Every structure is written in C-alpha cells, then in structure tokens.
1. Mind listing whichever residues of the range 154-190 are touching an Asp or Glu at 6+ places or on another chain (Cβ under 9 Å) and at pLDDT below 95?
2. Based on this model, can you work out whether Lys54 counts as touching a helix residue (DSSP H, G or I) at 6+ places or on another chain (Cβ under 7 Å) and without any contact (Cβ under 8 Å) to a residue 24 or more places away in the chain?
3. Does the range 154-176 contain at least one residue that is closer than 22 Å to Leu40 by Cα, in contact (Cβ under 8 Å) with a residue 12 or more places away in the chain and hydrophobic (A, V, I, L, M, F, W, C)?
4. Looking at the range 76-83, can you tell me whether even one residue there is buried (at least 20 other Cβ atoms within 10 Å of the Cβ) and of a type in the set (Ser, Thr, Tyr)?
5. If the requirement is being touching a Cys at 6+ places or on another chain (Cβ under 7 Å), assigned to a helix (DSSP H, G or I) and either not assigned by TED's automatic domain parsing to the domain that holds Glu26 or not hydrophobic (A, V, I, L, M, F, W, C) (or both), which of these qualifies: Glu160, Glu147, Glu175?
Amino acid sequence: MSEILENLFGSKERARLLRFFLQNPEQAFNFSEIVEKNMLKGTKVRSELHTLLKIKFLKKKSKQNNLFYQMNESFSFYPELKNLFVKSNIYPQCRSLEKIKNLGNMKLAVISGIFINYEKSKADMVLVGDNVSKAKLKNLMSSLEAEIGKEIVFALMTMEEFKYRLNMLDKFILEFLEGPHEEVINKISGLRQFIAKRK
C-alpha cells in the first residue's frame, strides 16, 4: 500500500510527509525534525514542503527564530486524506513489520493500535523474545515510524518475563491480547487457547 500511495502522490517523499502531518495534526515541527523523523533527504523535503504550503495543506509559524510547519486542519480534503492514510498503515500493508523476525529469538509479535486503527489500545505492539538485538530493534522502530508517520508505543519483554506476567494475570498483557489485535509471530503454544477461554 505504501508503494501505491507513493505512485499516487508522485514520490516517496510526498507520501511520507502527507502521512506524517496527517498523523500528527496538533504538532508543529521544524525542518530538521521533519527530515530526521521521516528518514528523508533535506533537499527533497524542502521542495515538497514548499509545494504543500502553496496548496495550503500546511501552515507555517515562526518561534524563536525557527520556522515550524503544521497540518492545516481546515484543508479541504483533510478528513478524506487522513482516512486514506490510516488505511495504508493497517497490517499487512506495512512493509517494515517483516523485519521483526530478524530481531533475535522472537516468540511473539502482536500488533494493535495504529496498525489496525484501534485507538483504545494502550500500545501499538507487544514483542516477546530472547537475545533481541537493541541496535536492530532501534533501526526497526525508526523505519516503522518513518513509514507510518507516528511514534510507536511498544513493549518488549523476555519469554520468562512474559510467562510471569501472564501467570500473574497482568492487566496490560491481558487487555492487549483480549482486545482487537493481529499476530505477526506466535510461537507460544497454548496462548491462543488461553486467551480464548478468558473471553
């Protein structure tokens, strides 16, 4: 779906910037934050920002000698575009999720929240695994956040910690697994049955 939007909107840069501002309409960002958070080249971003200002998709304001850009929520097609980009984030369209299996000895990867357009979820992702590479995890989260256009709230735990929290009927774990979610990886035998029995 990301590729469809890139083709539809002319470039990866424009598609990412549209998504980024639509996902964070209440926040204003300076130029360097926009470049860093979207993992894009500055020269291309500058040109796209100019275009988006021209059509009044964005508004700009000056604060302490710094220029900030923000979504113009009164833009004519704001609701329709927001809806379109929310749909494009929904699993399995999000390409970077494939990389979860390379993080280490992954036992469980479950997504909710922004990935399935479920706003009530307290997290977007729960990861359970041993020997997880912190560097790979950091890179994955940066890629996902650039692709999705929003910061991802996630919980990472070892298998031992997950089992302990499940046995203690941890409120966060149970609410996450009993609520709407999608499994990317599930190598924990009996987990689905355990959750199904509680419903």
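The values are calculated or read from the model by the stated rules, or taken from the named source; none is laboratory data. Here the structure is a predicted model, which means the values were calculated and not measured. Cβ atoms come from the backbone with ideal geometry, glycine included; neighbour counts cover every protein chain shown.
1. The one that is touching an Asp or Glu at 6+ places or on another chain (Cβ under 9 Å) and at pLDDT below 95: Val184.
2. no
3. Checked the range 154-176: no residue is closer than 22 Å to Leu40 by Cα, in contact (Cβ under 8 Å) with a residue 12 or more places away in the chain and hydrophobic (A, V, I, L, M, F, W, C).
4. no
5. Glu147
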